[in-house]
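Values quoted throughout were computed directly from the atomic coordinates according to the rules given, and no laboratory measurement underlies them. In this text, all values refer to a predicted model and were calculated from it rather than measured experimentally. Note: ideal-geometry Cβ built from the backbone for every residue, glycine included; neighbour counts use all protein chains shown.
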Amino acid sequence: MTDEETLQQDSGQVKKEPDKADEYLNNWKRAAADLANYKKDEMERMGTLLQYSKADLIEKVLPIFDSIYLAQKSLPDNEGISQIIKQIVDFLKKEGIEEIVVIGQKFNPETMEIVEEVEGGESGTVAEELQKGYMMGEKVLRPSKIKVNK
């Protein structure tokens, strides 16, 4: 092989090297973007997991809250129980949990469960709340148990 042939062959390889470098750079950029997307997706999954675990814990504590509300009904002028209930409501709000408002509302099957139908009032409206319902964001933790007007 002559020097001129060798020079042409080397020149051809040199022209291919920038193309390879661009290909490697693009592959690296894609891999970096994939990793960033993966990290973002994992953070979202972790957040969702934490929300579900929080909801599970709150659902286990709700019967205790129900007992306190029943105590308030039988001892309505007790300031101590009223203060405990205020602390519970504040705690729930801080955790992103809201009571479902039902009194005087139209029956909503997504957030309410009818226990009994009673006479009086506008048909289909809630007459009495027997057990409080709670929501965490858009998720119903527990529907309100209600009496509804016939």
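Listed values, structure above:
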read-out	value
Positive-end extreme of charge dipole, the chain - chosen from GLY104, GLN83, ALA55 (charges on Cβ)	GLN83
Under 5 Å, built H, 5+ apart or other chain: amide partners of GLU113	SER144, LYS145, ILE146
Contact order normalised by residue count of the chain, Cα under 8 Å, 6+ apart, percent	17
Backbone HN-Hα couplings from phi across the stretch 85-93 [Karplus 6.51/-1.76/1.60, Hz, Gly and Pro as x]	5, 4, 5, 5, 4, 4, 4, 4, 4
Bins of 5 Å, starting at 0 and running to the largest distance - Cα pair percent for the chain	2, 8, 11, 11, 11, 9, 7, 4, 4, 4, 3, 4, 3, 3, 3, 3, 3, 2, 2, 1, 1, 0
Label-point separation, ASP22 to ASN108 (7 Å along Cα→Cβ), nm	5.8
Calculated from backbone phi, Karplus (6.51, -1.76, 1.60) coupling profile of the stretch 121-129 in Hz, x at Gly/Pro	x, 6, 4, x, 9, 6, 8, 8, 9
Whole-angstrom Cα spans of the stretch 92-150 along principal axes, big to small	38, 15, 15
Note, ³J(HN,Hα) from phi for the stretch 26-37, Karplus 6.51, -1.76, 1.60, rounded to Hz, x at Gly and Pro	5, 4, 5, 4, 5, 5, 5, 5, 4, 5, 4, 5
Candidate lysines - alpha carbon under 24 Å from LYS132, same-chain residues fewer than 8 apart omitted	LYS54, LYS60, LYS73, LYS86, LYS93, LYS94, LYS106, LYS145, LYS147, LYS150
ASP34/ILE68 FRET efficiency (R0 41 Å; Cβ-Cβ; nearest 0.05)	0.20
Aspartates and glutamates with Cα under 18 Å of LYS139, excluding same-chain neighbours fewer than 8 positions away	GLU44, ASP56, GLU59, GLU95, GLU98, GLU99, GLU110, GLU113
Helix-derived mean residue ellipticity, 222 nm - over the chain, DSSP H n ≥ 4, -39500 (n - 2.57), to 500	-22000 deg cm²/dmol
Cβ-based net charge around MET112, under 13 Å, with every Lys or Arg adding one and every Asp or Glu removing one	-2
Cβ-based net charge around SER144, under 10 Å, with every Lys or Arg adding one and every Asp or Glu removing one	0
Estimated FRET transfer efficiency (TYR52, ASP90; beta-carbon r; R0 25 Å; 0.05)	0.65
